[in-house]
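Student: Can you keep this structure in mind? I'll have questions shortly.
The values are calculated or read from the model by the stated rules, or taken from the named source; none is laboratory data. Since we're looking at a predicted model, the values are computed, not measured. Note that each Cβ is placed from the backbone with ideal geometry, even for glycine, and that neighbours are counted across all protein chains shown.
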Amino acid sequence: MTAHTAPKRALIVIDAQNEYFTGGLPIEYPDPSLTIAHIGLAMDTAQAAGIPVIVVQQTSPASSPLFAVDSEGWQLHPVVASRPHDHYLRKTLPSAYPETDLAAWLQARGIDTLTVAGYMTHNCDASTINHALHHGTAVEFLHDASGSVPYRNQAGYASAEDIHRVFSVVLQSRFAAVMSTQDWVDSVKTGAQPVRDNIYLSNRRARGLLQDAVTQQAA
């Protein structure tokens with residue numbers, strides 16, 4: 001795909017399951033009631049535009065504390081379950097690629113751009129985004145249709161907001177065009193190209209060596 005070629009998209013909705021809302025791993029940032037609504041908007045926009053929708057469901061053994069198959073937490077959130085999709089995948093690993101036919105399914109349909117929504121930003125979303133990039137697929141990440149949880153472990157503590165924000169910045173620097181759901185909807189409807197960036201320019205801005213629209217807007 002070149003800068004002047006309209007993307008041939010697929011929307012992938014990753015692990016939008018009850019576990020992240022009423023189960024053992026509640027999303028804390030952004031507000032999950034808003035992010036799941038944005039996922040619904042993205043699915044509706046995709047259907048109206050003829051963009052195929054892929055739904056992914058994390059699946060663990062029945063004895064697992066999270067995503068135990070056939071448990072309430074394992075079930076898809078009603079916003080996703082109530083909407084049509086074109087392909088369905090189950091996985092046990094973070095990325096949606098290694099255990100599934102995702103790569104072949106996309107290739108068979110000539111998909112060159114994968115739009116990622118769902119949970120969690122830093123885990124299954126980031127893993128799938130990195131995998132897609134290494135497959136030669138352009139990626140868009142809907143930052144307000146995803147979310148994170150906080151962690152504390154031997155390495156320290158990070159809030160859900162910190163994790164989501166830092167991963168979004170890193171993804172924009174190389175791996176994906178990070179955008180709001182509304183910006184994505186506008187891109188689908190108008191053909192406007194999403195903003196992509198790179199490591200070099202992202203670093204120069206952070207060091208105060210580059211003044212452009214991004215830094216001016218931040219100021």
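Student: Going by the conditions given, is His85 modelled with pLDDT under 95 and either more than 16 Å from the chain's Cα centre (by Cα) or closer than 15 Å to Leu142 by Cβ (or both)?
Tutor: Answer is no for this residue.
Student: If you don't mind, another one. Name every residue in region 9-33 that is more than 15 Å from the chain's Cα centre (by Cα) and farther than 20 Å from Val69 by Cα, in order of residue number.
Tutor: Glu28, Asp31, Ser33
Student: Does any residue of region 139-157 turn out to be out of contact with any Ser or Thr (no Cβ under 8 Å at 6 or more places or on another chain), within 19 Å of Asp31 (Cα to Cα), buried (at least 16 other Cβ atoms within 10 Å of the Cβ) and not hydrophobic (A, V, I, L, M, F, W, C)?
Tutor: Checking region 139-157: not a single residue is out of contact with any Ser or Thr (no Cβ under 8 Å at 6 or more places or on another chain), within 19 Å of Asp31 (Cα to Cα), buried (at least 16 other Cβ atoms within 10 Å of the Cβ) and not hydrophobic (A, V, I, L, M, F, W, C).
Student: Could you list, in sequence order, all residues of region 90-125 that are out of contact with any Ser or Thr (no Cβ under 7 Å at 6 or more places or on another chain), farther than 21 Å from Thr5 by Cα and crowded, with 23+ Cβ neighbours inside 10 Å?
Tutor: Result: Leu102, single match.
Student: On to the next question. Condition first: assigned to a loop (DSSP other than H, G, I, E, B) and touching a residue at least 12 places away in the same chain (Cβ under 8 Å). Now tell me which residues in region 130-145 satisfy that.
Tutor: If we filter region 130-145 for residues that are assigned to a loop (DSSP other than H, G, I, E, B), which is where we start, we get 135-137.
Answer for region 130-145, where residues must be assigned to a loop (DSSP other than H, G, I, E, B) and touching a residue at least 12 places away in the same chain (Cβ under 8 Å): His135, Thr137.
Student: Looking only at helices (runs of 4 or more DSSP H) that lie completely in region 150-219, which have at least 2 residues being modelled with pLDDT of 95 or more and either under 27 Å from Gly50 (Cβ atoms) or touching a helix residue (DSSP H, G or I) at 6+ places or on another chain (Cβ under 9 Å) (or both)? Even if it seems obvious, please write down each step before you answer.
Tutor: Numbers: elements: 160-170, 181-190, 199-206, 213-218.
Once the helices (runs of 4 or more DSSP H) in region 150-219 are filtered for at least 2 residues that are modelled with pLDDT of 95 or more and either under 27 Å from Gly50 (Cβ atoms) or touching a helix residue (DSSP H, G or I) at 6+ places or on another chain (Cβ under 9 Å) (or both), what remains is 160-170, 181-190, 199-206.
Student: Turning to a different aspect of this structure: How about region 46-68: which of its residues are surrounded by fewer than 21 Cβ atoms within 10 Å (Cβ to Cβ), assigned to a helix (DSSP H, G or I) and either in contact with a strand residue (DSSP E or B) (Cβ under 8 Å, 6 or more places away or on another chain) or in contact (Cβ under 8 Å) with a residue 40 or more places away in the chain (or both)?
Tutor: Gln47, Ala49
Student: Also, quick follow-up: Could you please find all residues in region 187-203 being more than 22 Å from Arg9 (Cβ to Cβ) and either in contact with a strand residue (DSSP E or B) (Cβ under 7 Å, 6 or more places away or on another chain) or surrounded by 15 or more Cβ atoms within 10 Å (Cβ to Cβ) (or both)?
Tutor: Correct list: Ser202 only.
Student: Follow-up question, since we're still on this one. Could you list, in sequence order, all residues of region 19-65 that are among the acidic types (Asp, Glu) and under 30 Å from Ala6 (Cα atoms)? Lay out the reasoning, then the answer.
Tutor: Of the residues in region 19-65, the ones among the acidic types (Asp, Glu) are 19, 28, 31, 44.
Asp44, the sole residue that qualifies.
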